[in-house]
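First the structure, in the form of structure tokens, and then the observations on it.
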Amino acid sequence: MIFNIKQKDKKKIYFFLSLSVFLLILNVLPIRLINEEGWSGYEKFNLDYQSINTIEQLHKIIDDSAQVHHCKPKSLEYTEWVTEIIKQRFRHGYSHYYFNQNWVASVLGYVYWRDLSAVVEPNDLMLYPNAACSQQSIVMMEILKRQGVPFCKVGWNHHFTLCAWIEGGWRYYDPNMEPIMSIDQRKFNDNFLNIEFLASIYKDRINSNNIEYALGVPKLGRINEFPAPKALLFHKVTKVISITLWIFALIPAIYFYRPINVKTKKAGHKVFRKRPSKVQQPTLTSAES
């Protein structure tokens, strides 16, 4: 068995091998096709909190801050610390995947629809300084979930917020736009159908002339339901594809580089072994005697 590769197969091998290496390299490139600088005009964005890069770390910081101020879990005061620290952790702006995190979603978001590369997985969001309204709400929902606090999304015309069931009632939270609200104003009731009330809490956040356009009538999601299940599934699938696609490109290269049996005619050669000569006993002739 020897390797006898045809010329046309060599070209295929080089092509698929190069493609495989290219797809593998994409997984280590720190490239992002959609970049948003983020905005922190009125926000409480704090650079010191950028070292918090997992949900576990964020949860611990919140717990530690709440304990220092003697706030019980699942209380109004505790939840104020949740939204306060998330406000300081993120600035407004969408986070999109890098190549080395999910290059398939990154490319599809750039080429087809930018929302395809917008991050929705809570721990992935903790790797970025930016988070849009839906992304900051997702992070807060994850913290509430770990605390055993019921929550639901509040969808507006062009905005995304949430409610949490605290001390026997639904309370309104918006860590992204950071409306100026008292604890009493957080009660989610008919006030949130009143444009004047919305204009008062979002003063200096949303132009009063655009309140109805940006917010309108709130639409409530299901209790404890993740707000972007399809996007989360899409990102899980594309992550697997990003990591493994190079292997599928390598398979054809291996196939074309297969060994082929080549029949060769070998001339038969007889091997003659020289027999050792028989040693005879020396004798004396009559002449020698």
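Please treat every number below as a calculation from the coordinates, not as lab data. Predicted model, so just to flag it, every value in this text is computed and none were measured. Reconstructed Cβ throughout: ideal geometry from the backbone, glycine too, with neighbour counts over all protein chains shown.
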For the pairs Lys10/Lys239; Lys145/Lys187; Lys60/Lys203; Lys74/Lys236; Lys11/Lys239, flag any whose C-alpha to C-alpha distance is greater than 25 Å. Lys10/Lys239; Lys60/Lys203; Lys74/Lys236; Lys11/Lys239
In whole Å, what are the extents of the chain along the principal axes defined by its C-alpha atoms, from largest to smallest? 148, 46, 33
Residue among Ala66, Ala105, Ala132 with the largest mean-square fluctuation in a Gaussian network model of the chain, springs linking Cα atoms under 10 Å: Ala66
If R₀ is 35 angstrom, what is the calculated FRET efficiency for the pair Asn209 and Arg114, using the beta carbon separation as r and rounding to 0.05? 0.80
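Strictly greater than 22 Å: what percent of every Cα pair in the stretch 130-223 meets that? Spell out each step's value before the answer.
On the way: 936 of 4371 pairs.
I get 21 percent for the Cα pairs in the stretch 130-223 exceeding 22 Å.
Are there any helices in the chain, counted as whole DSSP H runs, that stretch 30 Å or more along their axis by Cα and score at least 0.5 on average by Kyte-Doolittle, and if so which?
Values: long enough: 229-256 (41 Å, 1.34).
Both cut-offs are met by 229-256.
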Determine the calculated [θ] at 222 nm for the chain from helices alone, applying -39500 (n - 2.57) to every DSSP H run no shorter than 4 residues and normalising by the residue count; nearest 500 deg cm²/dmol. -13000 deg cm²/dmol
Out of Val119, Ile143, Phe160, whose Cα points farthest toward the positive end of the dipole of the chain (charges: +1 Lys, Arg; -1 Asp, Glu; placed on Cβ)? Val119
Charges on Cβ only, +1 for Lys and Arg, -1 for Asp and Glu, centred on the Cα centroid of the chain; of Leu198, His96, Val237, which one is farthest towards the dipole's positive end? Val237
So for each of 69-78, 82-91 I average, over its residues, the number of other beta carbons within 10 Å; can you give me the resulting order with the highest mean first? 82-91, 69-78
Additional length obtainable on full extension of the chain from Asn53 to Leu127, 0.36 nm per residue less Cα span: 26.1 nm
